[in-house]
Amino acid sequence: MRRVGSAVVTAWAAAAVMVLAGCGGGGDGNPGADPGVLTIDAVREDLRAALKAGGFEQASFLDDRSEAMRRRPCQVMGQLRTPTAPDRKATERAVAELEKRGWQATEPMADENGTGWALDRSGWTLSLLSGTASEEGAGAFLPTEAQDPAGEQGQVQAFEGLSFHAYGQECGQAAATASP
């Protein structure tokens, strides 16, 4: 068994646990909520603009109908797999774009596996992580639906790229839940 032991991988795992556990408040997804509340669509748009500013391709977002999203609908999860570890300067340009859009970033946390940022805006918290993770590390932080991009059932692949998990205390968009 390989040792994960990385501060960034640990941050990835902690962010995933917080998101999946529903930390971040109890917004009910009411579309008539305060107009100052950031919507899921607005968070996704901020992330798309940030990736573009960093020179990255478009990320894949977790489907609103997935198990992880149904358990906690006021969230945005996704990733961008890259052939090699993302360039730190490119990721910093992405973070700078998020800051231009009103997100407040903490100092980055870095180790030999990558760099992670925590950002806050209008009741939302975003963890943006850039780097590499072993199969074991990827299994700890990626939701099941995102672990095997090759479609091999039960296979967790090592990860290189960007991963993000955002959760809101309030949701300005109706929750994506199944009808009874």
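On the protein heavy atoms, probe 1.4 angstrom, tell me the percent of accessible surface of region 58-128 carried by carbon and sulfur.
47 percent
Compare ASP87, ASP111 by solvent-accessible area with a 1.4 Å probe and give them largest first, with all protein chains kept in place.
Values: ASP87 90, ASP111 40 Å².
Solvent-accessible surface, decreasing: ASP87, ASP111.
Would you please put 52-60, 124-132, 72-80 in order of how densely packed they are, using the mean number of other Cβ atoms within 10 angstrom per residue and starting with the highest?
Per-residue Cβ counts within 10 Å, averaged per peptide and sorted highest first, yield 124-132, 72-80, 52-60.
Could you give the nm distance between label points at GLU45 and ASP120, where each point is 7 Å from its Cα heading toward the beta carbon?
Here the answer is 2.4 nm between the modelled labels.
Roughly how much of GLU112 is accessible, in Å² to the nearest 10, using a 1.4 Å probe?
The accessible area comes out at roughly 150 Å².
How far, in nm, would the chain grow between ASP64 and GLU112 when pulled straight, counting 0.36 nm per residue and subtracting the alpha carbon separation?
Extending this stretch completely gives an extra 14.0 nm.
The values are calculated or read from the model by the stated rules, or taken from the named source; none is laboratory data. Note that the structure is predicted; figures quoted are calculated from it, not measured. Every residue, glycine among them, receives a Cβ derived from its backbone with ideal geometry; neighbour counts consider all protein chains shown. We work out accessible area using only protein heavy atoms, side chains counted, and drop any ligands, DNA or RNA first. Shrake-Rupley method; radii C 1.70, N 1.55, O 1.52, S 1.80 Å.
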